[in-house]
Amino acid sequence: MLLLDPFTLYFLLMATLLLLSLLLLLIGHIYRQERSLRLWGLSGLLGVGGVLLLMARDVLSPWLGVVAANSLLFCSLAGTWLGIAEFQQRPLPWRLAGLLCGGCSLLWVLLLFHGDTGLRALLYGPIYLLFAGLALHELFRQPQHWQRGSYRLVGAIILLLMLSYTYRTYFMLQHPVHNPLHNTGLPLQQLLASLLEFAKTLGLLYLVFERMQQRLQQLAMQDALTGLHNRRAFEQQATAALQHDGHHRHALLVMDLDLFKRINDGHGHQAGDAALQHFAGLLAAQLPAGSISGRLGGEEFVALLRDTSSSQAWQVAEAIRSQLAANWIGLPDKPVFQVTTSIGLAMRQHGQQTLAALYHDADMALYDAKQRGRNQVCSSQPLVAVPALA
Ligand SMILES: Nc1nc2c(ncn2[C@@H]2O[C@H](COP(=O)(O)OP(=O)(O)OP(=O)(O)O)[C@@H](O)[C@H]2O)c(=O)[nH]1
């Protein structure tokens, strides 16, 4: 078996981190909306550059090696933190990051003059801990992120990194005059820290992909105009609800805006869109909590009212109808107009009734409402029209 010494492993890790950083920059270039990826890619490049400079300090001048390398490493830490702030869609604390990096580098230079390695070591740990702490703070700014497994995983990796930096400080204090290249203890710690940095970058990448997937899922399930569920999402959620609460009474409302073609023709397509959005807002305000609503297409909407009686469902439908009829809709600099809706209501008769069967009953009731002159609610059982409230 090929056994690699810690240094070879360390160099291999650095090479992998370099490739990963380049990959992040490439993906960040393709998915331009994810600027955090580019910041993390840059942070990785700075980190690798800093380590290489540190290692080459015997060849280059110690000044260049130590001062430039540490400055790059501080900027790399700031890059991770800025990337997380960007990922959380917060204004980037550029100035603060610049001030911190500049301040840390300056302190480092001053301590070089002082020549006390112990003091430098004491400064080293807190700077790393500060940047890791800022990254953690940004990651868990929203309390709901504590509930998310992926966030907790990245948080745990950053905590381990903080432990590793603390140990590094302790080690440097114990061995004040050391050369990291020829010391036996430090490379192992450096190996561990690099592995954790690597894991952290992968974890952050995972967070971005998770969010991209959520966005795609949202796009696939949401009606773009109204923000309501689209047909597929409504069918999925309503079917699950019917299966889950089999013994409860549910009501289905199928709603179709009246003579919508006239609104489009008379006021323009934009006004028609505004009417659809207005109606979606009305549904959100009038439907009881726990209801599932959606836009099936065109000017047809649907809502499943869970655990409700027929009189409650009737009242909700009637409130939606009368509120819509009572409101004027308008666009800036355009004449206002009114729109009405016809609604078909069906109550679930028994536990086995499917969504398709329920929809069929409600659709028949809607047809009846249209036939009776529109702007009214009709129920499938018994199939009668009930006088409008207003
Ligand atoms: N503005 C706008 N119009 C849409 C959209 N989707 C469908 N429509 C229009 O909605 C109209 C539906 O017309 P019809 O199916 O004839 O129904 P209606 O005029 O509402 O008549 P009734 O249903 O019988 O009351 C058509 O003119 C479609 O072009 C949309 O997303 N935005």
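Bear in mind that the values in this text are calculations on the coordinates, not laboratory data. Computed from a prediction, not measured in an experiment: that's the story for all the values here. Note that we place each Cβ from the backbone using ideal geometry, even for glycine, and neighbour counts take in every protein chain shown.
Table for the structure above
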quantity: Stretchable slack from LEU99 to GLN237, in nm (0.36 nm times residue separation minus alpha-carbon distance); calculated: 44.6 nm
quantity: Full-stretch length increase - ASP307, LEU106 - with 0.36 nm per residue and alpha-carbon distance subtracted; calculated: 65.7 nm
quantity: DSSP-assigned coil residues among chymotrypsin sites (Phe, Trp or Tyr not before Pro) in region 304-359, each with at most 15 further Cβ atoms within 10 Å; calculated: TRP328
quantity: Length added when fully stretched, TYR170-LEU129, from 0.36 nm per residue minus Cα-Cα; calculated: 13.4 nm
quantity: Cα gyration tensor shape of the chain, rounded if a/c is under 1.5, else prolate or oblate by comparing a/b with b/c; calculated: prolate
quantity: Residue of PRO126, PRO335, PRO93 that the Gaussian network model of the chain assigns the largest fluctuation, springs spanning Cα pairs under 10 Å; calculated: PRO335
quantity: Relative contact order [Cα under 8 Å, 6+ residues apart], region 6-221, whole percent; calculated: 19 percent
quantity: Residues of type lysines that LYS261 reaches as a straight line, Cα spacing below 16 Å, ignoring anything fewer than 8 places off in the same chain; calculated: LYS370
quantity: Distance in nm between pseudo-label sites at ARG148 and LEU26 (7 Å out along the Cβ direction from Cα); calculated: 2.6 nm
quantity: Peptides ranked, highest mean first, by Cβ atoms within 10 Å: ranges 62-74, 36-48, 8-20; calculated: 36-48, 62-74, 8-20
quantity: Computed label-point distance, nm, for sites HIS360 and ALA319 using a 7 Å Cα→Cβ extension; calculated: 3.2 nm
